[in-house]
1. About the Cα centre of segment 1-137, what is the dipole size in debye to 20, counting +1 per Lys and Arg Cβ and -1 per Asp and Glu Cβ, all else neutral?
2. Which one, Tyr281, Asn44, Pro184, projects farthest toward the positive side of the charge dipole computed for the chain from Cβ point charges (K/R +1, D/E -1)?
3. Which percent, to the nearest 5, of DSSP beta bridges fully inside the chain are antiparallel?
4. Whose amide H sits under 5 Å from the amide H of Thr124, counting only residues 5 or more places off or on another chain, with H placed in the peptide plane?
5. Could you give the size of the charge dipole of the chain about its Cα centre, using +1 on the Cβ of each K and R and -1 on the Cβ of each D and E, expressed in debye and rounded to the nearest 20?
6. Placing +1 at every Lys and Arg Cβ and -1 at every Asp and Glu Cβ, with all other atoms neutral, what dipole size does segment 182-340 have around its Cα centre, in debye to the nearest 20?
7. Give me a comma-separated list of calculated 3J(HN,Hα) values for segment 242-249, in order, Karplus coefficients 6.51, -1.76, 1.60 applied at θ = phi - 60°, integers in Hz, x for any Gly or Pro.
8. Taking θ = phi - 60°, what integer Hz values does the Karplus form 6.51 cos²θ - 1.76 cosθ + 1.60 yield along segment 56-61, in sequence order, with x for Gly and Pro?
Amino acid sequence: MRTFFVTGGAGFIGAAFVHLILREFSDVRVINFDALTYAGNLDNLSGLDSDRHTFVRGDIRDPMAVKESMPMDVDAVVNFAAESHVDRSIESAHDFVTTNVVGTQVLLDAARGTRARKFCHISTDEVMGSLSDGSEEVFTEDSPFAPNSPYAASKAAAEHLVRAAHHTFGLHTLITRCGNNYGPRQFPEKLIPLAITNALQDREVPVYGDGRNVRDWIYVHDHCRAVLQVIERAPAGETYNIGARNEQRNIEVVESILKALNKPSSLIKFVTDRPGHDRRYSIDPGKIEKLGWLPRAGWSEGLEKTIDWYIKNPQWLARVRTGEYLDYYERQYGERASQK
Ligand code: NAD
Ligand code: TYD
């Protein structure tokens, strides 16, 4: 039996990854280590129903908690845990630095101490900054770092620490840098779930600035399959950009959602721009494609599946909106308990 120590596995992408690996591999067990911040939600793990999944509530900034929970010789540490929302990082960068930077170093130290076989760090294309509008420029693995938001800066710092752990200590590290994800169970602070859930309730959808900023969107399951491919096949010390060759302007994204829901475009509300708002991201996925990975979900299909999930899961949304899910763990299990 192989053991994966997954951090942030109660969040949007981490939970999708945990579902994927337990479904795809009968020889894998998962220790899912997550602090359950506002973005971590045990509802995201429902349906797992597997004795190969152990949930541990813990903070990656806490070396003792990490050490207690990480067994010797795990096959892979996969670090999804992070503060992930740019707007929150503009409000306050504190947790971004402590979790994304310090927390990553705590995990690297623990991985070395327990002789973890591989350490896969989930980074973002945002470490490479912004590309100019309408240009042919793309991010490659060799693009220079130019993080523009506190979030992106904290993720760039973490990447440096991962690189150093490989170079100095020979840890088998891997880094993935993905574009914007969308799919089921994304917290409705990010553009796509916010637009869907607001529109479903006939609320306005805020669009920052002129709405012409470009993001390179990928369906979350395709991102998770790419991470798995990297863990299984990539040489130590490598970095992979992950993208589905799917650039869209924000306004086009919102218009597509409103159209799919049969809602009027009068719900679009242009609002003050985000400070330092990156104009365009575009990923060259050539390197990960050479590893044998290709995305499966097309944009329309992925968006349709995502919208459908939010329509069919009103309880999930209601609990997220009221924050009811936040004290669920305490009520069910107590502070230090763990859940199978
Ligand atoms: P998310 O905000 O939905 O989930 C983050 C998870 O990490 C939550 O479950 C939260 O409880 C947990 N967490 C936060 N701080 C923690 C701490 N100190 N200790 C333990 N757990 C903690 O984020 P997401 O969108 O699923 O993103 C996952 C990872 O992927 C992040 O590292 C993010 O930077 C990266 N990423 C995200 C995107 C995207 O579009 N969402 C794109 C590229 C990369
Ligand atoms: P977001 O989902 O926050 O991801 P990121 O900032 O990491 O790319 O935002 C995606 C794009 O949508 C980004 O250009 C900011 C914009 N945006 C809006 O226009 N309105 C919103 O309400 C939000 C949350 C984002």
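1. 780
2. Going by the Cα projections, it comes out as Asn44.
3. Around 10 percent antiparallel, to the nearest 5.
4. Cys178
5. Approximately 560 debye in magnitude.
6. My answer is approximately 160 debye.
7. Taking θ as phi minus 60°, the curve returns 10, x, 10, 6, 9, 7, 9, 6 Hz for segment 242-249.
8. Once rounded to whole Hz, the list reads 10, 7, x, 10, 5, 7.
The values are calculated or read from the model by the stated rules, or taken from the named source; none is laboratory data. If you're wondering where the values come from, they're calculated on a predicted model, not measured in any experiment. Note that each Cβ is placed from the backbone with ideal geometry, even for glycine, and that neighbours are counted across all protein chains shown. Just the protein is used for accessible areas: all its heavy atoms, side chains included, with ligands, DNA and RNA removed. Shrake-Rupley method; radii C 1.70, N 1.55, O 1.52, S 1.80 Å.
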